[in-house]
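Report on the following structure.
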Amino acid sequence: MNIDAQSIVVMNPSSFEFGYQIHSDITLKGIRIHTKVEFVDTKDGKRYNTRGKRDFSNVSEVTKEDIAQNFVTEYKSFVRAL
């Protein structure tokens with residue numbers, strides 16, 4: 001069950017370019033945070049959604065710096081793919 005989500009969106013001058021979302025889920029095993037990445041492929045112009053490369057399994061130990069670093073890592077991967 002998704003209980004909350006926050007996002008960062010990168011826009012170029014004319015349109016959406018890259019989106020990064022933090023989702024928190026409640027399961028029987030506890031609260032888990034995971035990322036979702038959304039981007040527009042410059043080759044075909046389509047918008048894609050994918051699960052991020054990182055799950056934060058222990059929500060009590062996640063810091064703002066962890067999330068900022070993860071965003072930078074995901075965005076760098078996107079930029080390199082261009």
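Apart from one condition, Ser60 fits all of (1) without any contact (Cβ under 8 Å) to a residue 40 or more places away in the chain; (2) surrounded by 11 or more Cβ atoms within 10 Å (Cβ to Cβ); (3) assigned to a helix (DSSP H, G or I); the exception is (2). Evaluation of Gly45 against the conditions (1) on the phi < 0 side of the Ramachandran plot; (2) free of Cβ contacts under 8 Å to residues at least 12 places away in the same chain shows that the sole unmet condition is (1). Applying the set (1) closer than 15 Å to Ser77 by Cβ; (2) surrounded by fewer than 17 Cβ atoms within 10 Å (Cβ to Cβ); (3) at pLDDT below 80 to Thr50 leaves exactly one unmet item: (3).
Residues in segment 13-26 that are modelled with pLDDT of 75 or more and out of contact with any Ser or Thr (no Cβ under 8 Å at 6 or more places or on another chain) were compared, and the one that is nearest to Asn49 (Cα to Cα) is Phe18. Of the residues examined, Asp66 is one that is free of Cβ contacts under 8 Å to residues at least 60 places away in the same chain, assigned to a helix (DSSP H, G or I) and exposed (fewer than 15 other Cβ atoms within 10 Å of the Cβ).
The values are calculated or read from the model by the stated rules, or taken from the named source; none is laboratory data. Given the structure is predicted, the values throughout are model-derived calculations rather than measurements. In this analysis, Cβ positions are derived from the backbone assuming ideal geometry, glycine residues included, and neighbour counts consider all displayed protein chains.
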